[in-house]
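Participant: The structure's right below; bear with me while I get my questions together.
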Amino acid sequence: MPSRPQRILSTLIQWFDADYQPAGADAVRAEADRVDWLRCIPFIILHLGCLGVIWTGASPFAVGAAVALYFLRMAAVTGVYHRYFSHKTYSTSRPMQFFLALCGGTTVQRGPLWWAYHHRHHHQHSDQPDDAHSPHVHGFLWSHIGWITSRRNFPTDYSKVRDLDRFPELVFLNRFDAVVPLAFAFAVFGLGALLKAHAPGLHTDGWQLLVWGFFISTTALFHGTSCINSMAHLMGRRRYRTEDDSRNSFILAVITLGEGWHNNHHRYQSSTRNGFFWWELDITYYLLRALSWTGLIWGLKAVPASVLAEGERADHDESVEAATRAHAAHPEYSSLKRIVPTAAAIAVATVNAAQPSMERRVDLQEIHRGAGSPAQGAQNGAGP
């Protein structure tokens, strides 16, 4: 076992070089789950940075920037890290692949290969003991945030991402995963300073924009993404009977731009679209579809017709079961089923029967007007 100073030095180096594992990555992954507080200091700083709002205050521009950067980078998590690097649900060129990896790096959710490895591992062992963030195995808090603080989850298992580790530029971004987040933070600060000098009417500056556009936005982004690990296996409905407890949730779909259709995704992972049906909001898919029109990405994978038919049958069966349960709980509803259609039929028949009578009365009045009174008829030479 390395001495305590050696472990501390190793952890400090890992802040900047994620692949630095003196004992070997396999040995670290074999350890029991435990929080490495020293390794997590940057993650803690990210959350504490939100308190900077006490000193910087807020402005409409800074708050708007935080919201915009949340959704833009959520699209990078869902559309790049998840649907491209983890599942390859569409194709792109090598330069565009690198650009997408840079966009994903701004989310401060580690490197693209680390993210893809863990997500593929999750699908392979979903809600089983080897699943690193199953709420059914480890509890809600661990699945939401605890697992990312554990030493055994820090190394990347490159054997699970052989389709990606053949690109040196991706391995570089994955190994030095702090480079892009730090560059992004400096860029946000620089933009705020530039706006203070050239657009003072926006009432923002470097520090304020750093707090809102980086710390607050990124922290919210992390927890929004983590809701899929934790809450998407606890809340919502199950259309497909998968082997795990994945669920569909409209609320989570709004928060994560379409990832809330988690049960759909666990049923068929290779689809670019998580919202299988038109009424299931999937903004990430809409963005990817629009991007495909430019030719920068292509080959978006569709949901097979058999999977859609399976989902439609499941929805139908669920509706029938719900109606059966309602009838059992409220048998008085059955009388209403007979009364309401009968009342409607009587009402329609009454209207139809009254209409000819009204027309006959109108016709009779027209006849009387045409014939006039008997006296008028006599004056006109007409007989009785």
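The values are calculated or read from the model by the stated rules, or taken from the named source; none is laboratory data. In this text, all values refer to a predicted model and were calculated from it rather than measured experimentally. Cβ atoms come from the backbone with ideal geometry, glycine included; neighbour counts cover every protein chain shown.
Participant: Would you tally the residues in the stretch 152-194 being surrounded by 14 or more Cβ atoms within 10 Å (Cβ to Cβ) and of a type in the set (D, E, K, R)?
Facilitator: Going through the stretch 152-194 one residue at a time, the tally reaches 6.
Participant: Please tell me if Thr225 is polar (S, T, N, Q), part of a helix (DSSP H, G or I) and under 19 Å from Leu51 (Cα atoms).
Facilitator: Values: polar (S, T, N, Q): yes; part of a helix (DSSP H, G or I): yes; under 19 Å from Leu51 (Cα atoms): no.
Against the criterion (polar (S, T, N, Q), part of a helix (DSSP H, G or I) and under 19 Å from Leu51 (Cα atoms)), Thr225 does not qualify.
Participant: Note down all Cβ pairs under 8 Å where the first residue falls in the stretch 189-204 and is closer than 18 Å to Leu69 by Cβ, the second is surrounded by fewer than 13 Cβ atoms within 10 Å (Cβ to Cβ) and of a type in the set (S, T, N, Q), and they're at least six residues apart or on different chains.
Facilitator: That search, which allows pairs on different chains as well, returns nothing.
Participant: Looking only at the stretch 143-158, decide whether some residue is outside any helix (DSSP H, G or I) and β-branched (Val, Ile, Thr). Don't jump to the end; show me each part of the working.
Facilitator: Of all residues in the stretch 143-158, those outside any helix (DSSP H, G or I) come to 145, 150, 154-157.
From the residues that got through so far, the ones that are β-branched (Val, Ile, Thr) too are 145, 156.
Yes, that holds for at least one residue.
Participant: For Ile251, all conditions in the list (1) in a loop (DSSP other than H, G, I, E, B); (2) more than 23 Å from Trp115 (Cα to Cα) hold save one; what is the number of the exception?
Facilitator: (1)
Participant: If you check every pair at least six apart or on different chains, which have Cβ atoms under 9 Å apart with a residue in the stretch 3-16 that is within 16 Å of Ala178 (Cβ to Cβ) and touching a residue at least 60 places away in the same chain (Cβ under 8 Å) first and a residue that is assigned to a helix (DSSP H, G or I) and not hydrophobic (A, V, I, L, M, F, W, C) second?
Facilitator: Going by the 9 Å Cβ cut-off, the qualifying pairs are Trp15/Pro42.
Participant: Filter the stretch 193-232 down to the residues that are farther than 30 Å from His133 by Cβ and among the aromatic types (Phe, Trp, Tyr) and list them by number.
Facilitator: To start, the set of residues in the stretch 193-232 that are farther than 30 Å from His133 by Cβ comprises 193-209.
Scanning the stretch 193-232 gives a single hit, Trp207.
Participant: If we scan the stretch 114-124, do we find a residue that is part of a helix (DSSP H, G or I), polar (S, T, N, Q) and surrounded by fewer than 20 Cβ atoms within 10 Å (Cβ to Cβ)?
Facilitator: Filtering the stretch 114-124 for residues part of a helix (DSSP H, G or I) gives 114-124.
Retained after the next criterion (residues that are polar (S, T, N, Q)): 124.
Going one step further and asking which of them are surrounded by fewer than 20 Cβ atoms within 10 Å (Cβ to Cβ), we end up with 124.
Within the stretch 114-124, one or more residues are part of a helix (DSSP H, G or I), polar (S, T, N, Q) and surrounded by fewer than 20 Cβ atoms within 10 Å (Cβ to Cβ).
Participant: From the list Phe85, Phe61, which residue is assigned to a helix (DSSP H, G or I) and under 27 Å from His266 (Cα atoms)?
Facilitator: Of the residues listed, the single one that is assigned to a helix (DSSP H, G or I) and under 27 Å from His266 (Cα atoms) is Phe85.
Participant: In the set His233, His203, His262, His223, which member is farther than 22 Å from Phe16 by Cα, in the same structural domain as Gly111 (by TED's automatic domain parsing) and more than 26 Å from the chain's Cα centre (by Cα)? Working first, answer last.
Facilitator: Details: His233 fails: more than 26 Å from the chain's Cα centre (by Cα); His262 fails: more than 26 Å from the chain's Cα centre (by Cα); His223 fails: more than 26 Å from the chain's Cα centre (by Cα).
On inspection, the qualifying residue turns out to be His203.
Participant: Can we say Asp26 is farther than 26 Å from Gly213 by Cα and touching a strand residue (DSSP E or B) at 6+ places or on another chain (Cβ under 6 Å)?
Facilitator: Spelling it out, it is not the case that Asp26 is farther than 26 Å from Gly213 by Cα and touching a strand residue (DSSP E or B) at 6+ places or on another chain (Cβ under 6 Å).
Participant: Can you name the number of the only condition in (1) within 18 Å of Tyr84 (Cα to Cα); (2) not assigned by TED's automatic domain parsing to the domain that holds Thr92 that Thr294 fails?
Facilitator: Thr294 satisfies every listed condition except (2).
Participant: Right, something else. Would you check which residues across the stretch 168-183 are hydrophobic (A, V, I, L, M, F, W, C) and either touching a helix residue (DSSP H, G or I) at 6+ places or on another chain (Cβ under 7 Å) or free of Cβ contacts under 8 Å to residues at least 60 places away in the same chain (or both) and list them?
Facilitator: Filtering the stretch 168-183 down to residues hydrophobic (A, V, I, L, M, F, W, C) leaves 170-173, 176, 178-180, 182-183.
If the condition is that a residue be hydrophobic (A, V, I, L, M, F, W, C) and either touching a helix residue (DSSP H, G or I) at 6+ places or on another chain (Cβ under 7 Å) or free of Cβ contacts under 8 Å to residues at least 60 places away in the same chain (or both), then Leu170, Val171, Phe172, Leu173, Val180, Leu182, Ala183 are the ones that fit.
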